[in-house]
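Peer 1: Below are the structure tokens for one structure; questions will follow.
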Amino acid sequence: MRQSMTLIPTLREFPADADIKSHQLLLRAGYIRQTASGVYTYMPLAKRTLDNIEKIIREEMEKAGAAEVLMPALQPAELWQESGRWYSYGEELMRLHDRHGRDFALGATHEEVITSLVNDDVQSYKRLPLTLFQIQTKFRDEQRPRFGLLRGREFIMKDAYSFHTSAESLDEAYDKMYKAYTNIFNRCGLDFRAVLADSGAIGGKDTQEFMVLSDIGEDTIAFSDSSDYAANIEMAEVTRKYEKSSEAERALEKIATPDQKTIAEVSTFLNVQPENCIKSLVFKTDDEYVMILVRGDHEVNDIKVKNELNATIVELADHEETAALLNCSVGSLGPVGVPEKMKVYADHAVEAMVNAVCGANEEGFHLINVVPGRDFIVEKNADFRFIMEGDPSPDGEGTIRFARGIEVGHIFKLGTTYSDAMNAKYLDENGKSRSYIMGCYGIGVSRTLSAIAEQFNDENGLVWPSNIAPYHVHIVPVNMKDQAQVELADELYDLLKDNRFEVLLDDRAERPGVKFKDSDLIGLPIRITAGKKSSDGIVEVKVRKTGEMFEVEKTELLQLLQ
Ligand code: ATP
Ligand code: MG
Ligand code: MG
Ligand code: MG
């Protein structure tokens, strides 16, 4: 492709509203443009990059025995009403109606559509197992779309669904998908972990997430430093909503009185064991969380409160103290002294914490742990327990560490949740009607693009792995007025294309400085510069990743690149 014929609108300045590297670089290098909040156009370079990722996904899906379909994004409300998710999915589901007043949803996911489809067309056990997948646009009205493609409201997902007659058959498909996902993310060059997760709102039992390790990840994972054990500490996407609670306010008043209370009193008040009166209480009022630190006798050394055995002071922490205890900046605390991130965790964690820690916690307020990442994880099948960084791993091998992760993929054993709800059945060998046993498997394709950009960059721009890069080679004639340079660049462009290289030719009449900066920013693996020595048939080859440069005779170029 000649650069004059495509659109790569690079930016010199740093976009003000992009605060992570991948978002900044994808904007600056002209890969994406925002159309609305959480809604992006994939410019020509991003489109090619996505195609490369999708190619890898398609190959691995095919190997795993999945056939590709393309289902509609526009989905009749009736399907969602059948599964019940029309009522439970909440505001993330984009809803609309047609000119006749019929309700529709824009697909946030496709369990309903596929279950209904398979139910119509697969009546006999003889046609099972069956796995179908698609690569398609999804819509979710995220509360906080951010980080560019990482959390969009319109994004590209690969979603696969499998249908079975037995749990063993589902296990097999799940394992195949696990392998396919491992291959896909390895081929993308990503540093990732497969982690145990909680099945949350979608239902089902076994589920794992594929997490790209990154400090900007929104999830926290706990993993063993010497085995494969890894789990998401997010406690499931609890859909339960908390009402504004006068109970909570009263509880708050009661505990926040200047009188010091003993742990025994607090535990009586909360109806929990004294040893469970750990370092904090979080109350949900209106739409904020209010935190009260309880100084207790629990072994919680991460906030340095274990000294006062039975000293039992309950107090409202001021911002400085809270920040110091939580090891974060005062600026990151919200108006009531709760860190931004904690609010998110609190919401997810409340239910599980309440059940596991509080048992008979009173209606309207809840005891939860303010630093979930450090204190608990979910094990397989969601047995709940506290865990600290440095603890022995639950599998007995190694020590627990915590890291941040970006969820790029998620595999689930759904069981019969959807087929039961939607009355989707096949006939078994004895002519008996049974619910399909199902699995579902998602990959955030556009999120994966961003995650790769997040892991592959340097101070000058993007540094794509060669199988993901939009082109392999960038040919840059330095001076478009120099006939020898232009001719050599053209000659090499044709030569490389004839030899199955994907090539971008910078035929713009720009200053050399601009061309080189843009070239680094775009991040193709190899740059070939046709400069002053073009008349001698000599070009300069630069390896983007290492910065290595060497001069090469044009006759030797092909051999060098192959
Ligand atoms: P998250 O926890 O990040 O909100 P999710 O668990 O809601 O993701 P799934 O329902 O498991 O997402 O969807 C499958 C995959 O789709 C996810 O693993 C992720 O890679 C991708 N994905 C989900 N939401 C978004 C989004 N808003 N923007 C981009 N990709 C997304
Ligand atoms: Mg989500
Ligand atoms: Mg998730
Ligand atoms: Mg998920």
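Only the coordinates and a few stated rules stand behind these numbers; no lab work does. Quantities reported herein were computed from a predicted structural model and do not represent experimental measurements. Methodologically, a virtual Cβ is constructed for each residue, glycine included, from the backbone with ideal geometry; neighbour enumeration extends over all protein chains shown.
Peer 1: Can you pull out the trypsin sites (Lys or Arg not before Pro) in segment 393-467 whose DSSP state is coil and whose Cβ has at most 15 other Cβ atoms within 10 Å?
Peer 2: For trypsin sites (Lys or Arg not before Pro) across segment 393-467 that sit outside H, G, I, E and B with at most 15 neighbouring Cβ atoms in 10 Å, the list reads K432.
Peer 1: Taking Cα atoms of segment 1-159, Rg/Rh with Kirkwood Rh, to two decimals?
Peer 2: With Rh from the inverse mean 1/r over Cα pairs, Rg/Rh is 1.04.
Peer 1: Same structure again: List the GluC sites (Glu not before Pro) within segment 393-484 that DSSP assigns to loop and that have no more than 11 neighbouring Cβ atoms inside 10 Å.
Peer 2: Taking segment 393-484 and a limit of 11 other Cβ atoms within 10 Å, the loop GluC sites (Glu not before Pro) found are E429, E459.
Peer 1: Taking the Cα centre of segment 384-478 as the origin, how large is its charge dipole in debye, to the nearest 20, when only Lys and Arg (+1) and Asp and Glu (-1) carry charge on their Cβ atoms?
Peer 2: Rounded to the nearest 20 debye, it is 460 debye.
Peer 1: Report the Cα centroid-to-centroid distance between segment 1-33 and segment 87-126 in angstrom, as an integer.
Peer 2: Their Cα centres are 36 Å away from one another.
Peer 1: Taking θ = phi - 60°, what integer Hz values does the Karplus form 6.51 cos²θ - 1.76 cosθ + 1.60 yield along segment 173-182, in sequence order, with x for Gly and Pro?
Peer 2: 5, 4, 5, 4, 5, 4, 5, 4, 5, 4
Peer 1: Just the number, please: Stokes-Einstein D of segment 456-562 in µm²/s, Kirkwood Rh from C-alpha pairs, 10 °C, 1.306 mPa s.
Peer 2: 117
Peer 1: Now, a different point. Treat each spin label as a single point 7 Å out from the Cα along the C-beta direction, and report the T182 to E78 distance in nm.
Peer 2: 4.4
Peer 1: Segment 1-102: which GluC sites (Glu not before Pro) are DSSP loop and have at most 11 other beta-carbon atoms within 10 angstrom?
Peer 2: Sparse-neighbourhood loop GluC sites (Glu not before Pro): E13.
Peer 1: Please compute the Kirkwood hydrodynamic radius over segment 1-81, one decimal place, Å, based on all pairs of different Cα atoms.
Peer 2: About 15.7 Å for segment 1-81.
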